[in-house]
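A quick write-up on the structure given underneath.
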Amino acid sequence: IVIDVVEGTAIEALPFMNQIINDRPKHFDTIQSGVKWCYNSCTVRKLESARVSFPAQLHEVEKNGHKYWTWKVNLKETEKYWIGWFKGLSQIFLNIHIPKILLTAEKERMDKELTIAQMQGKFKVVVIHNVGHSVQEDDYKATAR
């Protein structure tokens, strides 16, 4: 099962990633303010899920007697790996010789290679509506089904 990652659309989005990262807050005064940002920014569209998953992305820092929460991972430092995470992903997925599912928020996110393969019956597409990129968090019950 691949959840809402398609090689073609992911690679097309990479030029916009630095701006997305720059638009994120650098820190939060509390975990609760981080969860609120996560939900209000639609990073995760279900408040219950944001409360569960988002705190694990942060760590507490104390500086000059002031405590705040910042990102555990500096995503900008991972930029050199981004293309490698996605390049060849569609072919790897299609070459697996077991039943496969692409679970996605929108069928339109599929690239040409996956669209052709899906029309040939090489894998099943399951679209979960009213979710964002964090499909498994936005509708964990539908993901489990």
Practice prompt. Scan region 25-62 residue by residue and report those that are open to solvent by 40 Å² or more (accessible area, probe 1.4 Å) and either over 18 Å from residue 137 (Cα atoms) or in contact with a Pro (Cβ under 7 Å, 6 or more places away or on another chain) (or both).
Written response: 26, 27, 29, 30, 33, 37, 59, 60, 62
Worksheet item: Any idea which residue in region 108-145 is farthest from residue 55 (Cα to Cα), counting only those that are under 17 Å from the mean Cα position of the chain (by Cα) and open to solvent by 100 Å² or more (accessible area, probe 1.4 Å)?
Response: 108
Fill in: Complete set of residues in region 15-65 that are without any contact (Cβ under 8 Å) to a residue 40 or more places away in the chain and either among the small types (Gly, Ala, Ser) or on the phi > 0 side of the Ramachandran plot (or both)
33, 34, 41, 56, 64, 65
Worksheet item: Which members of region 81-129 meet the condition of being in a loop (DSSP other than H, G, I, E, B), without any contact (Cβ under 8 Å) to a residue 40 or more places away in the chain and of a type outside the set (Gly, Ala, Ser)?
Response: 96, 97, 98, 99, 106, 120, 122, 123, 128, 129
Item to complete: Have a look at 137, 77 and point out the one that is in contact with a helix residue (DSSP H, G or I) (Cβ under 8 Å, 6 or more places away or on another chain) and either part of a strand (DSSP E or B) or of a type in the set (Asp, Glu) (or both).
Response: 137
Worksheet item: What are the residues in region 1-40 that are hydroxyl-bearing (Ser, Thr, Tyr) and under 16 Å from residue 134 (Cβ atoms), if any?
Response: 9, 39
Practice prompt. Report the residue count in region 63-107 for those that are surrounded by 10 or more Cβ atoms within 10 Å (Cβ to Cβ), more than 30 Å from residue 30 (Cβ to Cβ) and in contact with a Phe, Trp or Tyr (Cβ under 8 Å, 6 or more places away or on another chain).
Written response: 5
Item to complete: Might you check whether a residue that is in contact with a Lys or Arg (Cβ under 6 Å, 6 or more places away or on another chain), closer than 24 Å to residue 110 by Cα and not small (Gly, Ala, Ser) occurs anywhere in region 4-14?
Response: yes
Worksheet item: Within region 1-43, which residues are under 23 Å from residue 79 (Cβ atoms), β-branched (Val, Ile, Thr) and not in a strand (DSSP E or B)?
Response: 5, 6, 9, 11, 20, 21, 43
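For every residue, the table says whether it meets (1) out of contact with any Asp or Glu (no Cβ under 8 Å at 6 or more places or on another chain); (2) at pLDDT 95 or above.
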position	(1), (2)
71	yes, yes
80	yes, yes
87	no, yes
100	yes, yes
104	no, no
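The values are calculated or read from the model by the stated rules, or taken from the named source; none is laboratory data. Model, not experiment: these values are computed from the prediction. Positions of Cβ are generated from backbone atoms using ideal geometry, with glycine treated the same way; all protein chains shown enter the neighbour counts. These accessible areas exclude ligands, DNA and RNA; they are computed on the full protein's heavy atoms, side chains included. Shrake-Rupley method; radii C 1.70, N 1.55, O 1.52, S 1.80 Å.
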